[in-house]
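Just below is one structure, and these are the notes that go with it.
Any read-out appearing in this document is the output of simple, stated calculations on the displayed coordinates, not a laboratory observation. Please read all numbers here as calculations on a predicted model, not as lab measurements. Cβ coordinates were reconstructed from backbone atoms using ideal geometry, including for glycine residues, and neighbour counts include every protein chain displayed.
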Amino acid sequence: MIQAYEYNQQNELIIPIEVFERDEGNYIIPEQCTTIAPPNNPSFYKAAFDVKKQQWYETATQEYIDSLKPAPLPPSDIELLKKQNALLSQQLTQLLAMQKVGASD
């Protein structure tokens, strides 16, 4: 058995498949398949096979790649409290500074 990689009409990778030996060392690779493995490092988001060059290439757009990234998590309660505390500290410092200016007049 050998590993082959099936690709669609746009030459995009569909799925790895197993190809079994027909007779003593002879394998029949189906059409739209190659035994050339897509690169593992770096891996592709949307691999496609260039039949003429016999190599894989990336077809994913940057927009598509960005869409796969998870949305940022909302701030935790502790983070919210830290921000609120910082804001209150800043307001208190400004209030005390204003009182000092008023007391010196």
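Quick notes
- Each residue of region 42-53 was assigned a 3J(HN,Hα) from its phi angle through the Karplus expression (A = 6.51, B = -1.76, C = 1.60, θ = phi - 60°), giving x, 7, 9, 6, 9, 6, 9, 9, 8, 5, 5, 7 Hz with x at Gly and Pro.
- Checking (1) 2.34; (2) 0.97; (3) 1.07 against the coordinates, the calculated Cα Rg over 2.2 N^0.38 Å falls under label (1).
- Folded to 0 to 90 degrees: helix 77-104 orientation relative to the chain principal axis, Cα: 30 degrees
- Sorting 62-73, 35-46 by average packing, meaning the other beta carbons within 10 Å per residue, from highest down gives 35-46, 62-73.
- Contact order relative to length of the chain, as percent, for alpha carbon pairs under 8 angstrom and 6 or more apart: 18 percent
- For ILE29, distant residues with modelled amide H under 5 Å away: none
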